[in-house]
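Since every read-out is calculated from the coordinates, none of them should be taken as a lab result. Owing to the predicted nature of the structure, the values given are computational and were not obtained by experimental measurement. Glycine also receives a Cβ, built like all others from the backbone with ideal geometry; neighbour counts cover every protein chain displayed.
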Amino acid sequence: MTVQVTVNGDRQELPEGATVASVIAELHNAPEGRGIAVAVEGEVVPRAQWSSTELRSGASLEVVVAVQGG
């Protein structure tokens, strides 16, 4: 089974049991999850809870990646 979620406005299909950590692991521009903030349904999820925060179908995630430069 899969769950449908929205990540930064884009619909994605993830395996059932997917967590915030599994979504972050797929990001190529933030190795090891550094410089990232995540909110699920508008609530910030502390990094320590990423692996235990399971995503439900219909969930909306906002992932913000810090960038360097000027």
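Of note:
- The set of residues in the stretch 50-70 being closer than 15 Å to residue 14 by Cα, in a loop (DSSP other than H, G, I, E, B) and of a type in the set (A, V, I, L, M, F, W, C) consists of 55, 59.
- Selection of the stretch 5-19 for residues being surrounded by 13 or more Cβ atoms within 10 Å (Cβ to Cβ) and either assigned to a loop (DSSP other than H, G, I, E, B) or touching an Asp or Glu at 6+ places or on another chain (Cβ under 6 Å) (or both) yields 18, 19.
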